[in-house]
Amino acid sequence: MDQTMEPLLEVQNLSVSFPTANGETTVLHNASYRIDRSEVLAIVGESGSGKSVAMLAVMGLLPGTARVTADRIAFEGRDLVSMSEKERRKIIGSEISMIFQEPIASLNPCFTAGFQIEEVLKQHTDLDKKGRHKRAVELLEAVGLPNPEDRLKAYPHQMSGGQCQRIMIAIAMACSPKLLIADEPTTALDVTIQKQILELLARLQAETGMAMIMITHDMGVVAETADRVVVQYKGRKMEEADVLSLFENPKHAYTRALLSALPENATGDRLPTIDYSADFTGETL
Amino acid sequence: MLRFLFSKLLLIVPTFIGITIVAFGFVRVLPGDPVLLLAGERGMNPDRYQALLHQFGYDRPIVVQYFDYVWGLLHGDFGISISTKQPVFQEFLNLFPATAELAICAMFLAIIIGIPAGILSAVKRGSIFDQATMGIALTGYSMPIFWWGLLLIILFSGILGWTPVSGRISLFYYFPSVTGFMTIDSLLSGEKGAFTSALSHLILPSIVLATIPLAVIARQTRSAMLEVLGEDYVRTARAKGLSHKRVIGVHALRNAMIPVITTIGLQIGMLMAGAILTETIFSWPGIGKWMIDSISRRDYPVVQGGLVLIAALVMFVNLVVDLLYGLINPRIRHQ
Amino acid sequence: MSDSTLGQPVQKRNVRLQMLAEFWHYFSQNKGAVVGLAILILLVLVAVFAPLLAPHNPIEQYRDMFLTPPFWQEGGTLSFPLGTDAVGRDILSRLIYGSRYSLAIGLIVVSIALLLGITLGLLAGFFRGWVDVAIMRVMDVILAFPPLLLALVLVAVLGPGLFNAMIAIALVLQPHFARLTRAAVMAEAKREYVVSARVAGARNVRLMFKTILPNCLAPLIVQATLSFSNAILEAAALGFLGMGAQPPTPEWGTMLAEAREFILRAWWVVTFPGLAILITVLAINLVGDGLRDALDPKLKRS
């Protein structure tokens, strides 16, 4: 393992705001993130915490009306903000890739799975048609889909959510990314499928040594997959720690509230809820 | 896919029956004696009246008359025109190519300008281009096209003298009609200047006829595009690092075109069915002008037959459009 | 829930006012729609005060003033600001009185079409079964014909004239309302508030009008504005083809029919009536677009 002290992805003071009917709303306030090679970082929070927005901003996937400001967004030391559009697009999809929450909706209904996988190979590799097809088959095998040849000819509406998510993962893994961002990849899936997808992601991460950012609202997922955790609430970072410390010794009131709301932690006969009247944002770590 | 086809075909039957009922009832609802109306004569001696009564079948029960009528239709008998004494069906076939040529040309213009305009407006949403284009589209859509045509004639034929005022080709030229399409026939004839003449006669009516479809297509394309651009799979395409051109032109466009194709198809149906106003203004000898002339001339067999033929034509075009839609939409094509 | 039953009528009115205010907030954000509304209001005023505004009697022929150009051209005069037509009638006055016809046509046609279409749609959507099938097939037949052609044939049957033209157009436009109403009714009838009203013993007619219909209003209003502008255009087209309003009625389309032979000689006889139609229909369509955006904000937030 090479010993570059430089983080793989470094984000400093990222803010995102949107114009709305009532003026400009800030959805992310001065958030900073750092992830090293082969690390698994979890960003956890409820809806509205801005957890997806941060990574969408890094990938450049926010709508044009969004206002994105940051001191620095650097990948392998290279500044993504000042880079040209063309340079950026060489990195997005190949070295950094992303999968999303609604797998069937995330695939284009007009094209086959094979088309959509081979498309990303065509964009970022020199493989010829035969090579792309071969690689697509390999990828489907790697993500655990049986009958890859048939699967490549299928359309998204002919497949289940779990299968589509595996296709998305195949697309994301196609060019051997150094960083995979997973935005709530299992939220829209059945519980049994959730487990399979998470195991698949963990296995791929271990095998390839890529870094992974797991965005989720599920503390259980955090416990199973992450090395380090960032807790967010209303667009601000509340706490950041390695996973064991976070669970055993949560420092921020909000983290404590989140953890105590887990059913596993129920002590009495009433499930604790998060008291939103408390101002969590007052405390910053 | 087959089930889709079958269900569409099934719907046609009752509608077609309804159309025949309307046409059948049309003559009987008119004020005046139907025999006299269909013969086009005012007074006639009683023997001739009886003969015609029998010939037209009015002495039989009405249900029998209806079935005779439909039977005739299915055999291509749509009546005889009072003014020209020709079979209505034959006249229709003679005049239809003129309307078809005009409609195809207009549709071509509408698509070539409308779709790119709609796409660009969607991509540059809120910009000056977007507002201007949609403003122009709205104006085109709100315009009485008979007035628009007259205005263009004043400008291009009257003041500038660039285009002729009426007809399909200059009277200098005469050549046999092969396809019925003046542009093609003029090329085939080899006569010098014929093709240019045909084209110069075609261009102004096409522009006028294209105005409303163009506006509708531009608006539809824009809204379909806007909806598609917000979809998850467009975000995925961007996340793959694909170029802007490819995201819009391949991923977004394919999906946006699906509803737009339906719109285009419906517009074609309307155009084919008689660009009545345009043909009237430019004295374009197509089925639209044929119908309006026949109505004013009280050539009722033509009106009756024309109704059925035109409605059948529209239904046919709509069916083709439905099928095309089924082919293009992958959710329907693949079970 | 609220605690006073006495305050209910007042609360209802307040809720309605609030909805109106919210509606206006969304509507006024669309500048085009506001402009359209202003033009429409102006038009209504012109129509109402026509006798006061028009310089001349619209059907009076000034025998020595045939085809006078507008006042800014040579040969024109300020007493006939927009010129005169082929029989010496003042165009401006005819335009002003013509606004009465166009607005009346729109109102009457849409009213008839709405009444007929909503009734048929309610019956079809509510009772389903063969009633639904029969009504919808009839609608299909009407829609199978190109609208102008069908209107022309209907007028041929009924005889040319403005009143018959309006009936014909209303008949041709009404299937759109029927379809919309039926679709909305079918969607609403499945909803819980309808089921609970039925359980409470509400009878069919009451259900139809008091419970379901108010919730289907939005798409109907939008379609009504579209039909309003279509009605004006179709009536003008029929007038142009000689099947609508008959001369000397100063309806804008009929004015264009009379002007046709003079287009190369007297451009003003053709331009102004058409311009009047264009501006009116444009204003209505602008308002219609604004209504659509305001009534369904989820659909379009630019």
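The values are calculated or read from the model by the stated rules, or taken from the named source; none is laboratory data. No experiment lies behind these values; they were computed from the predicted model shown. Virtual Cβ from ideal backbone geometry, glycine too; neighbours counted across all protein chains shown.
Odds and ends about this structure:
- Members of the range C:226-274 that are away from chain B (no Cβ under 12 Å), among the polar types (S, T, N, Q) and surrounded by fewer than 24 Cβ atoms within 10 Å (Cβ to Cβ): C:Gln246, C:Thr249
- Being in contact with a helix residue (DSSP H, G or I) (Cβ under 8 Å, 6 or more places away or on another chain), in a helix (DSSP H, G or I) and either β-branched (Val, Ile, Thr) or within 14 Å of chain C (Cβ to nearest Cβ) (or both) is a condition met by no residue of the range B:45-54.
- Unique match (being within 14 Å of chain B (Cβ to nearest Cβ), in contact with a Phe, Trp or Tyr (Cβ under 9 Å, 6 or more places away or on another chain) and either modelled with pLDDT of 90 or more or surrounded by fewer than 23 Cβ atoms within 10 Å (Cβ to Cβ) (or both)) among A:Phe75, A:Phe111, A:Phe100, A:Phe115: A:Phe111
- C:Ala113 being among the aliphatic types (A, V, I, L, M), surrounded by 23 or more Cβ atoms within 10 Å (Cβ to Cβ), away from chain B (no Cβ under 14 Å) and over 22 Å from C:Phe228 (Cα atoms): no
- Scan of the range B:117-166 for residues that are within 8 Å of another protein chain (Cβ to nearest Cβ), of a type outside the set (Lys, Arg) and in a loop (DSSP other than H, G, I, E, B), ordered by number: B:Gly126, B:Met143, B:Pro144
- Any pair with Cβ under 7 angstrom, 6 or more apart, that starts in the range A:142-166 at a residue that is free of Cβ contacts under 8 Å to residues at least 40 places away in the same chain and away from chain B (no Cβ under 13 Å) and ends at one that is of a type in the set (D, E, K, R) and crowded, with 21+ Cβ neighbours inside 10 Å: A:Leu145/A:Arg151; A:Leu145/A:Arg166
- Filtering B:Thr221, B:Thr183, B:Thr196, B:Thr179 for residues that are buried (at least 21 other Cβ atoms within 10 Å of the Cβ), out of contact with any Phe, Trp or Tyr (no Cβ under 6 Å at 6 or more places or on another chain) and more than 14 Å from chain C (Cβ to nearest Cβ) leaves a single hit, B:Thr221.
- Taking the numbered list (1) buried (at least 21 other Cβ atoms within 10 Å of the Cβ); (2) within 14 Å of chain B (Cβ to nearest Cβ); (3) under 18 Å from the mean Cα position of the chain (by Cα); (4) not in a strand (DSSP E or B) in turn, A:Ala105 passes all entries but (1).
- Remark: pairs (first residue in the range C:143-161, more than 7 Å from every other protein chain (Cβ to nearest Cβ); second residue surrounded by fewer than 24 Cβ atoms within 10 Å (Cβ to Cβ); Cβ separation under 6 Å; 6+ apart in sequence or on different chains) = C:Leu143/C:Pro175; C:Val155/C:Asn164; C:Leu158/C:Asn164.
- Residue that is nearest to C:Ala266 (Cα to Cα), among those in the range C:39-95 that are of a type in the set (A, V, I, L, M) and assigned to a loop (DSSP other than H, G, I, E, B): C:Leu67
- Residues in the range B:289-317 that are touching a Gly at 6+ places or on another chain (Cβ under 6 Å), more than 8 Å from every other protein chain (Cβ to nearest Cβ) and more than 22 Å from B:Gly32 (Cβ to Cβ): 1 in all.
- Some residue of the range B:32-42 being without any contact (Cβ under 8 Å) to a residue 40 or more places away in the chain, among the basic types (Lys, Arg), away from chain C (no Cβ under 14 Å) and part of a helix (DSSP H, G or I): no
- Residue among C:Leu291, C:Leu286 that alone is at pLDDT 90 or above, surrounded by 19 or more Cβ atoms within 10 Å (Cβ to Cβ) and not in a loop (DSSP other than H, G, I, E, B): C:Leu286
- Check on C:Arg179, in a helix (DSSP H, G or I), charged (D, E, K, R) and modelled with pLDDT of 75 or more: yes
- Qualifying residue in the range B:64-79 (condition: in contact with an Asp or Glu (Cβ under 9 Å, 6 or more places away or on another chain), surrounded by fewer than 16 Cβ atoms within 10 Å (Cβ to Cβ), of a type in the set (Gly, Ala, Ser) and assigned to a loop (DSSP other than H, G, I, E, B)): no
- Subset of the range A:1-48 (residues that are at pLDDT below 85 and surrounded by 18 or more Cβ atoms within 10 Å (Cβ to Cβ)): none
- Looking only at the range B:31-47, and only at residues there that are acidic (Asp, Glu) and surrounded by 10 or more Cβ atoms within 10 Å (Cβ to Cβ), the one that is modelled with the lowest pLDDT: B:Glu41
- The one condition in (1) away from chain C (no Cβ under 14 Å); (2) surrounded by 15 or more Cβ atoms within 10 Å (Cβ to Cβ); (3) in a helix (DSSP H, G or I); (4) not polar (S, T, N, Q) that B:Lys8 fails to fulfil: (1)
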